1. What does the charge add up to near S122, with Lys and Arg as +1, Asp and Glu as -1, over the other residues with Cβ less than 14 Å from its Cβ?
2. Taking amide H atoms as placed 1.01 Å from N in the peptide plane, list the residues 5 or more away in sequence, or in a different chain, whose amide H sits under 5 Å from that of Y28.
3. Counting only residues 5 or more places away or on other chains, whose amide H sits under 5 Å from the amide H of L178 once H atoms are built in the peptide plane?
4. Could you go through the range 103-110 in sequence order and give the Karplus-derived ³J(HN,Hα) for each residue, using 6.51 cos²θ - 1.76 cosθ + 1.60 with θ = phi - 60°, rounded to whole Hz, and x for Gly and Pro?
5. Between S132 and K44, what's the calculated FRET efficiency when r is the beta-carbon distance and R0 is 35 Å? Round to 0.05.
6. Using the number of other C-beta atoms within 10 angstrom as an exposure proxy, rank I80, I4 with the fewest first.
7. So for the range 30-184, taking the charge dipole from beta-carbon charges (+1 Lys/Arg, -1 Asp/Glu), which of S147, L30, G183 sits furthest toward the positive end?
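Please treat every number below as a calculation from the coordinates, not as lab data. What you are looking at is a predicted structure, and each value in this text was computed from that prediction instead of being measured. Virtual Cβ from ideal backbone geometry, glycine too; neighbours counted across all protein chains shown.
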Amino acid sequence: MKKISLVAIVVVVTVIAGAYFYFSGKEYILRIPENEIQQKMAEKLPLTKAYLFIFRVTLDHPRIELKNGSERINAGLDVILNLKLAEEAKPFGGSIDVSGGIKYAADEGEFYLTDPVIEDLSIQGVPEKYISKATKVLEKALADYYSTHPIYRLKTGDAKQAAAKLILKNVIIENEELVVTLGI
């Protein structure tokens, strides 16, 4: 029984070592089209969440723009901001455009938009005294959304993608595609 266990351990270690040496130094280039990222984001929307007891934010209709040569993704969302004033909720509609970097979570094989920066915010009708708080609430809503909703997930059925779930080496945008280089 001990010999069988020892043989099994040796086989497993040999397979792992062989896989490491085979993939070591190899890179896998993944090209993700703009429309595929947008479809992935749309799957989880609309999303509504309450903030600070007086704000209720709904995010919907994602937009993605990949600019050649950039390392950042431009993303936009339609926003409905319900502001509770004097026991009455008033909806204010608009849009928000952000840019963000890419974070790769190797354990899950998922890509996330990080460090979202608001590039343009347009919400009509919000009272002047609430604009600053509304902007902070929207920044928080975006940070929450993008940190928990991946923009892309590697396909588990693809052997190359499964083997490349290790290290993100480079991200660049070319021809309206997110070009990701992964490897060991």
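1. Net charge around S122: -3.
2. Placed amide hydrogens put L182, G183 under 5 Å from Y28.
3. Those qualifying (amide H under 5 Å, at least 5 residues apart or on another chain) are I32, E34.
4. Per residue, the Karplus-derived 3J(HN,Hα) values read 10, 10, 9, 4, 4, 9, x, 10 Hz.
5. Calculated transfer efficiency: 0.80.
6. Starting with the residue having the fewest Cβ neighbours, the order is I4, I80.
7. S147
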